[in-house]
Amino acid sequence: MSAEQELPPLKIMIPENVIDNRIKELAEQITKDYRGKDPLVVCILKGAMFFTVDLMKEMDNLGLDTELDTMEISSYNKETESSRNPKIVKDLSMDISGRNVLIIEDIIDTGWSLNTLHNMLSTRGPESIKICTLVSKSERREVDVPVDYIGFEIENKWVEGKGMDTKQKGRGHPFIGSRG
Ligand code: IMP
Ligand code: MG
């Protein structure tokens, strides 16, 4: 039996059109807030890739040009349990000193990944740092994260799609789904 067959069936939690509309709303808000501030978008690989692309296209439509850098952090020592000690797998390639940094994340769960990242980037002299996440499971938070933009608040369920994975699979679903 393959790994896929062992997973419970996938149910759509947030459909594609609802996600698309919410991303448009977020882009409008961010565009207002960052007008004239030359933002540097930091996409947290791999999960936030899909959300970042959509958000940057919408911001561009609204006339906000953004620069892009990427960073990868590993949050898990097991497949679905936070290690609470995230490690940098790939650092930024750009200097963020004096920049208005907008971190884009797929989902915030315990908060350890973004808490660590926020502290680390704060030491590099940026003008500002804000955080935008597509999904937040706020009831799971163990450490504080200053989140400025949240696409969706969800209950404590494992989700996949729109960049988020279950054992590295499912990132390409255009919707957000849950199993069980
Ligand atoms: P945190 O450090 O516990 O906040 O975990 C954040 C990271 O865990 C996210 O960037 C995701 O990569 C991953 N993650 C947390 N919950 C889920 C989920 O329900 N589905 C997929 N990935 C998740
Ligand atoms: Mg992630």
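Could you check region 19-62 and list, in sequence order, the residues that are within 15 Å of ligand 2 (Cβ to nearest atom), surrounded by fewer than 18 Cβ atoms within 10 Å (Cβ to Cβ) and not hydrophobic (A, V, I, L, M, F, W, C)? Walk me through it before giving the result.
Going residue by residue through region 19-62, those that are within 15 Å of ligand 2 (Cβ to nearest atom) are 42-52.
Next cut, surrounded by fewer than 18 Cβ atoms within 10 Å (Cβ to Cβ) only: 45-46, 49.
Answer for region 19-62, where residues must be within 15 Å of ligand 2 (Cβ to nearest atom), surrounded by fewer than 18 Cβ atoms within 10 Å (Cβ to Cβ) and not hydrophobic (A, V, I, L, M, F, W, C): just Lys46.
Apart from one condition, Val41 fits all of (1) among the hydrophobic types (A, V, I, L, M, F, W, C); (2) at pLDDT below 95; (3) more than 12 Å from ligand 1 (Cβ to nearest atom); the exception is (2). Of all the numbered requirements in (1) within 16 Å of ligand 2 (Cβ to nearest atom); (2) under 16 Å from the mean Cα position of the chain (by Cα), Met120 misses one, and that requirement is (2).
Among the residues of region 157-172, what is the count of those that are within 9 Å of ligand 1 (Cβ to nearest atom) and among the polar types (S, T, N, Q)? Going through region 157-172 one residue at a time, the tally reaches 1.
Do you know which of the residues in region 105-133 that are hydrophobic (A, V, I, L, M, F, W, C) and closer than 22 Å to Ser83 by Cβ is farthest from ligand 1 (Cβ to nearest atom)?
Leu121
For region 78-101, the candidate set comprises residues that are within 16 Å of ligand 1 (Cβ to nearest atom) and in contact with a helix residue (DSSP H, G or I) (Cβ under 7 Å, 6 or more places away or on another chain); within that set, the residue that is modelled with the highest pLDDT is Pro86. Considering (1) touching a Leu at 6+ places or on another chain (Cβ under 8 Å); (2) within 16 Å of ligand 2 (Cβ to nearest atom); (3) at pLDDT 95 or above, the lone condition that Ile73 does not fulfil carries the number (3).
The values are calculated or read from the model by the stated rules, or taken from the named source; none is laboratory data. These figures come from a predicted structure and were not determined experimentally. Every residue, glycine among them, receives a Cβ derived from its backbone with ideal geometry; neighbour counts consider all protein chains shown.
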